[in-house]
Structures are given as C-alpha cells and as structure tokens.
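Notes follow the structure.
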Amino acid sequence: MAAPCNLSGSCIPSLFKKYLMALTGFVMVGFVLVHMMGNLQMFRGPDAINQYAHFLKTLPGALLWGMRGFLIVAIGVHVWMAILLTKENRAARPQGYLKQAVVRATWASRTMGLSGSLLLFFIVFHVLHFTTRVIFPEYQMEDYYTILEGDVVFNVYQMVVDSFSKPWVTGFYLFAMGALCLHLSHAVWSMFQTLGWTNKRTRPMLKGLARVYGWVIFIGFVVVPLGVISRILPPMMGDEEVIILSIEAEPFDSESL
Amino acid sequence: MKLFLKIWRQPNAAAVGAFEDYVLDNISPDASFLEMLDQLNEQLITQGKEGVAFDHDCREGICGMCSLTINGIAHGPRRATTTCQLHMRHFRDGETVTIEPFRARPFPVLRDLVVDRSAFDKIIQSGGFISVRTGSAPEANQTLVAKPDADRAMDAAECIGCGACVAACKNASAMLFVSAKIVHLNTLPQGAPEKNRRLLNMVKTMDEAGFGNCSNYGECEAVCPKGIPLDFIGQLNREWAVAKMKDIVSGVE
Ligand code: HEM
Ligand code: FES
C-alpha cells in the first residue's frame, strides 16, 4: 500500500518520526534539568527564588517568548509523533497473542505512552497552576506580591508553599514526578539509540545514565513539595509583612508585571 | 513426558481461527519441538482429524523457516535457539504449552501456525543489487576487507530472516531484520557503492509493508535465534540520517 501523504503522517518515514521524537525529547530532557535546578532556589530562601523568577519574567520579550515557543513546539511535535507512532504500532498487530511473555523489555519502555499521557496532563495543569495561575485565582491577587530590593515582584515562594499545603496538589505532583522518572529512565538511553549514538560498549552505560537521570530529576523536583509539608520550607508571610505589603503594594498595577 | 497443548487452528487465511486443546503423551525429552508436533499430527491423523500446519525446512537452525510463538516467546524459552533446535527437555512433564503463529499485520496467517513472511522478501528485493563482477570467482586478494569489518558483516549475515524479531516486538517492528541486512551489506566494500540507496529503499519498503516502529524495547534482540544485537539498529538509524541528507542535498538515485 503506497502511503498517501496526509495529516496522519503515514508518508513520514518511520525513522524521521523517531528522530523528531528523540530530538524533541532531548530538548525537554535538557529543560527539566534546568527547571529542577531553578526550583532548588527555594532552599536558598524566598528572596533567591523570587529573584530568579523575576529575572526570568523580565527577560526581553523576544527571548522569553522565543524560549517558550521553542518548548511549546517541542512538546507539540513530541506529542504529535507519539500519537502517530502509537497508532501505527497498534495497527501493526491487529490480532494479539493469547499469551505474551516479556523477556527483556523494561516496564518503563512498555509504558511510555501511559507515562507520556500523564505528563501531558500534568504539563497543562502545571502551566495553568503556576504560570497563568487560573487554577487558584487567588495567586493573581495583590497578597502574592512582595518587595525585593525596592521592586515589587511576584512572591513565587509563597505561592509554592501555599500550593503544596494542599495535600491533593502535593499528591498529584509527586505522582506526576514518578511518571517523569519512569519516562526518563527509558527515554534518555532510547534517544541516543534512536539517533544512532550507541554501541555495544556505551549502551549499558547509557541505560545506567538514563536510570540515574530519572532519579536525579525525580528527587530534585520532589524535595520542594516534601520540603513544604515537612516545614523545612516554612510559610513566609508573617502578619506584619501582610500589613506592610498591603500598604506599600497599593499603588502598583499588577497587570503591568 | 505428557503435555497439554493449546494450539491456534485456522483452516485458511480468510477463516476465523480459535485455540484448540490437545493432550499428547509419551513425548521423548530428546525430541525436538517440531518432532513433538509431528507426533501430535500422527495422533491426529490416526484419529481421522486434520493435522496442524506449521512451517519448517532444514530443522537445523539455519534456514529461518520454522517459527511459532511458544508460551508467549518467539521460538520458545531457550535463548539463541530456533524452534527446530528446541528440545522437549526444556519443558516440564504435565506442562500446558500454548503455541501461536507469529502475529503481525504484514505476516498474515495462511493456515494454523503458518504465516506469510513474504513482506521480508519484498524488503530484500527493494535493497537491490551489489556491484560485483559475475562469472569466474574473483581473485581472493583483489578486494581487501578489514578483519573487524568482515567479522561485523558476518555477524549480521547470520540473520536467517525468520521474523522472530517482528513476532516478539510489542510494535511488530522489523527494524532488527532490516538492520541486519543493512549492516551485512553496507559494511563490506562490495556493498558500499549502493549503500545509501539500499538503505532508503529498504526502510521505505519496511514502512509500506505496515510494520510498526522501533521503541527500543530490546525484545527482538532477546529472542533472536542468531543473537543479532541492537547495535545494528543504532547503525541503521545513524546511516539512514546520513543517507537521507545526501538524498535531499544531491539525490541518491
Ligand atoms: C507531553 C507529553 C509526552 C508524551 C505524550 C510523550 C510520549 C512519548 C512516547 C510514546 C515515547 C516513546 C516513543 C516510541 O515508542 O518510539 C516517548 C519517548 C521519549 N520521550 Fe516522551 N512524552 C511526553 C513528554 C516527555 C517529556 C516531558 C520528556 C522529557 C523530559 C520526554 C522525553 C522523551 C524522550 C527523550 C523519548 C525517547 C525518544 C526515543 O525513543 O528516541 N517526553 N515519549
Ligand atoms: S527449520 Fe530451518 S531454521 Fe528451523
């Protein structure tokens, strides 16, 4: 059957789809590491994380939106290819086995679609939660602004602490990070294999690296919610601060930030 | 030995198949798996029933004709062993053994356990020729091949095209098979001139046949009776990108 070229992508060579999967995955693999290191600023105190967040938000618009756009495209292509590949893979075995043993494939590798779907749901939630702040609209209110070196900045620290004080939010984030850990523990070596950068000697090392990477990312992310519930990261806003804020923060227009 | 067999029966390609149960006694532990099936067929024929159709030819592990998914594993429980070389001593007396055909859309069942693997032949055909002079045997030292290259090409040439890689893969991907053919011919100077064209054509034919994509599970490598490694898929991936680039820039025929 000559493959017709349409949106379903059956004309895209299988290996091209996999290359896109691996390259977009590579972008995200790099991103999660930087993101994780950014989050760890929480442990250096409210000012550190707030300053970091302020720095990111006040980057030149073209740069900020360039990076965001790049990531959005990467995620979009990754998901699109995941859908195409999964559909083809299913179609390739219309009749399954009565009995199917798994000899070597890891659980992580066999559940990439599942962990990926969870991650997509998480990413959407996460952006609505912390970036656009529509899940808890109170984060858009003036209470969540603070003064840092004379500037009025958004109080990321307080938002994070308040968020993870809700058990279901913490639970969901921990679960999603588990999915990320699982996804990465196969993905990181798989992308090298897809790009053809493996051989007999390096494959075991890359498989090891993938597991380690998965765990490092997992731990690096979950210490923040765990820090909040264990009060290693205490709430910041004391009563006096609220008063000072409400006086000082009056004249500014939060829309302009 | 006595075995309880659960075997896929399907009278022809168009028919709906189903599993049937059989009991077979007095199996010698030294019999091969196919000899066990021969014994079952004798029993069935004596009872006036239709024997179970299955593929086989050399019965010495070199032709790639035998197949079967045995207890959920292509070519059964022994590593690096074809079904014809699998012996009954690797099963327990009284065990239930499930026998299914290799399952993949490009491998339609023709009858019982026999599947049509001509999709592999199409892939091979699309690979085309290699540039050697036919006629009298060439002088042995005319084309020098480095020892590591010769070894690698020989390892790849071990592939007998049985299709176990497709059968075992969750995605029914034929990448291990194609990679073995590519590494075999692309590594040797004799296959080098057509390298890029061969690669692009074989991958295209593979895609068109409806095989799935490679997710790097590694199941194929685990069941391959000839131990073809995932390395070859890595090389295929790498060389495909190079070939595709060349095709876009200057055209590969
Ligand atoms: C947004 C939702 C996501 C979905 C639906 C998704 C889905 C998938 C699927 C199904 C695969 C396996 C592809 C195959 O079997 O060939 C895969 C591979 C991969 N994913 Fe994701 N994923 C998502 C998010 C992520 C994230 C957040 C990262 C990194 C942090 C990531 C990194 C990778 C990498 C590196 C691979 C390996 C590519 C390869 O096999 O060559 N993915 N993804
Ligand atoms: S019958 Fe020839 S390899 Fe098994």
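The values are calculated or read from the model by the stated rules, or taken from the named source; none is laboratory data. If you're wondering where the values come from, they're calculated on a predicted model, not measured in any experiment. We place every Cβ from the backbone using ideal geometry, glycine too, and count neighbours over all the protein chains shown. Just so you know, the surface numbers come from the protein's heavy atoms only, side chains and all, with ligands and any DNA or RNA stripped out. Shrake-Rupley method; radii C 1.70, N 1.55, O 1.52, S 1.80 Å.
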### Query
Rounded to the nearest 20 Debye, what is the dipole magnitude of the protein assembly as shown about its Cα centre when Lys and Arg each give +1 and Asp and Glu each give -1 at the C-beta?
1560
### Query
Counting Lys and Arg as +1 and Asp and Glu as -1, each charge on the Cβ, what is the dipole of chain A about the Cα centre in debye, to the nearest 20?
2800
### Query
Helix B:118-127 versus the longest principal axis of chain B: what is the Cα-based angle in degrees, 0 to 90, to the nearest 10?
10
### Query
In square nanometres, what is one fourth of the surface area of the convex hull spanned by the alpha carbons of segment A:14-229?
14.6
### Residue-level accessible surface for residue A:126, protein heavy atoms, 1.4 Å, Å²
40
### Query
Pairing the Cα long axis of helix B:33-46 with the longest principal axis of chain B, what angle in degrees results, from 0 to 90 and rounded to the nearest 10?
40
### Task
Enumerate the calculated ³J(HN,Hα) couplings along segment B:10-20 in order (Karplus 6.51 cos²θ - 1.76 cosθ + 1.60, θ = phi - 60°), each rounded to whole Hz, writing x wherever the residue is Gly or Pro.
8, x, 7, 4, 7, 6, 8, x, 7, 7, 10
### Task
Would you mind telling me the share, in percent, of accessible area of the protein assembly as shown contributed by carbon and sulfur at probe 1.4 angstrom?
62
#### Entry: Segment residue A:134-residue A:47, extension gain: residue separation times 0.36 nm, minus the distance between their alpha carbons
28.9 nm
### Message
Along the Cα→Cβ direction, 7 angstrom out, place labels at residue A:56 and residue A:141. What is the inter-label distance in nm?
### Response
2.5
### Task
Sum up the lysine pairs in segment B:159-253 that clear both bars: alpha-carbon distance under 25 Å and a spacing of 8 or more or different chains.
15
### Query
For residue A:27 and residue B:246, what is the calculated FRET efficiency with R₀ set at 22 Å and r taken between the beta-carbons, to the nearest 0.05?
0.30
### Task
Considering the options A:12, B:27, A:81, tell which one lies farthest towards the positive end of the dipole of the protein assembly as shown, charges being +1 on Lys and Arg and -1 on Asp and Glu at the Cβ, about the Cα centre.
B:27
### Summary
For chain A, longest principal axis from Cα atoms; helix A:167-194 axis from its Cα atoms; angle between them, nearest 10 degrees, is 40
### Query
Short version: which residues of segment A:107-125 lose at least 10 Å² of accessible area, all chains versus chain alone, 1.4 Å probe?
A:109, A:110
### Spatial separation of Cα centroids for segment A:25-54 and segment B:197-253, in angstrom
39
### Task
Convert 4 °C to kelvin, take the viscosity as 1.567 mPa s, use the Kirkwood radius over C-alpha pairs of segment B:117-249 as Rh, and evaluate the Stokes-Einstein diffusion coefficient in µm²/s, rounded to a whole number.
85
### Task
Can you pull out the buried accessible area for chains B and A, both sides counted, probe 1.4 Å, rounded to the nearest 100 Å²?
3800
#### Entry: Part-to-part distance (alpha-carbon centres) for segment A:81-127 and segment A:217-238, which is given in Å
32
### Task
Return one whole number: the accessible area per residue of the protein assembly as shown in Å², for a 1.4 Å probe.
49
### Query
With the radius of gyration and the Kirkwood radius both derived from the Cα set of the protein assembly as shown, what is their ratio Rg to Rh?
1.10
### Query
Say the dipole of segment B:122-244 comes from +1 at the beta carbon of Lys and Arg and -1 at that of Asp and Glu; which of B:167, B:132, B:185 then lies farthest toward its positive end?
B:132
#### Entry: Estimated vicinal HN-Hα couplings, Hz - segment A:195-200 in sequence order (Karplus 6.51, -1.76, 1.60; Gly, Pro = x)
7, x, 9, 9, 8, 3
### Message
With +1 on the Cβ of every Lys and Arg and -1 on the Cβ of every Asp and Glu, and nothing else charged, how large is the dipole of chain B about its Cα centre, in debye rounded to the nearest 20?
### Response
700
### For residue B:97, residues with placed amide H under 5 Å, excluding near neighbours
B:4, B:5, B:6
